[in-house]
1. Quick check: with the 1.4 Å probe, what order do Glu110, Glu79 take by accessible area, largest first?
2. Along the charge dipole of the chain, pointing to its positive end and built from +1/-1 on Cβ of Lys, Arg, Asp and Glu, which listed residue (Ile31, Thr113, Ser125) has its Cα farthest out?
3. Place a +1 charge on the Cβ of each Lys and Arg in the chain and a -1 charge on the Cβ of each Asp and Glu, then give the dipole magnitude about the Cα centre in debye, rounded to the nearest 20.
4. Run the numbers on the chain and let me know its relative contact order in percent, using alpha-carbon pairs under 8 Å that are six or more apart.
5. Please calculate how many Å² of accessible area the chain carries per residue, with a 1.4 Å probe and no DNA, RNA or ligand atoms counted.
6. Rounded if a/c is under 1.5, else prolate if a/b is larger than b/c, else oblate: which is the range 57-178, with a ≥ b ≥ c the root eigenvalues of its Cα gyration tensor?
7. Which residue, Pro183, Pro11, Pro64, tops the fluctuation ranking in a GNM of the chain built on C-alpha contacts under 10 Å?
8. Amide H to amide H, which residues 5 or more places from Ile53 or on other chains are under 5 Å from it, using H placed in the peptide plane?
Amino acid sequence: MGIGLYGVTDPLEAIEKIRNEKFDLMILDFIMTPIHGDKVVEEIRKFNKELYILLLTGHKDLAPPLETIRRLDIQGYCEKSDKFDQLLLLIESGVKAINQMKVIKDINEELKTANTKLEQAYLESIQTLRYTVEAKDPYTRGHSDRVADYSVLIGKYLGINEKELHTLKIGGLFHDIGKIGIPDNILLKPRKTYSR
């Protein structure tokens with residue numbers, strides 16, 4: 001895949017370009033009109049947190065403080081000079097960092113997909129076990145679904161977060177699993193009736 005470059009002299013145009021198109025890395029000057037580089041980055045960070053940004057300045061005394069560079073997540077800072085070695089090194093390290101972040105993002109997506117498949121297989125196993133329990137005791141058919149549904153409703157009422165609600169639902173579906181190990185002659189034993 002080739003590298004595409006695009007240059008603008010108007011900082012406001014740069015903001016709109018980045019808002020509407022996909023860029024990996026931006027090199028910008030600090031002293032610009034109508035707004036300086038730190039304000040450009042501040043605007044961009046409102047809608048793009050991933051863009052790798054290198055800030056240049058030819059006016060060391062007017063450069064933004066280190067706190068501003070950190071707050072705006074500016075990854076590289078360089079003073080302009082006739083020698084481009086430092087700038088080239090910053091660009092090379094930026095490109096490497098961007099590539100590494102893409103690899104990490106891809107791996108995270110793969111893990112997320114694998115985790116979703118694993119969870120689906122887990123839920124299917126629970127369903128199978130649940131059906132086995134209900135087959136042993138037809139009297140309680142649908143009971144686990146009702147327990148799961150009521151548990152989630154109570155959890156929502158208590159303000160439990162989505163992850164915990166999911167765990168609560170699984171617990172509700174799975175709560176009678178111990179019946180699998182109970183012999184039928186005990187599980188299905190007729191209840192004694194008492195008269196007054």
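The values are calculated or read from the model by the stated rules, or taken from the named source; none is laboratory data. Everything numeric in this text was worked out from a predicted model, so none of it was measured. When we count neighbours, we look across all protein chains shown, and the Cβ atoms used for this are built from the backbone with ideal geometry, even at glycine. To get the accessible areas, we keep the full protein, side chains included, count just its heavy atoms, and leave off ligands, DNA and RNA. Shrake-Rupley method; radii C 1.70, N 1.55, O 1.52, S 1.80 Å.
1. Putting Glu110, Glu79 in descending order of accessible area: Glu110, Glu79.
2. Result: Ser125.
3. Dipole size: approximately 1560 debye.
4. Averaging sequence separation for qualifying contacts and normalising by length gives 13 percent for the chain.
5. Accessible area per residue: 75 Å².
6. Oblate.
7. Residue with maximal mean-square fluctuation among Pro183, Pro11, Pro64: Pro183.
8. Met26, Gln75, Gly76
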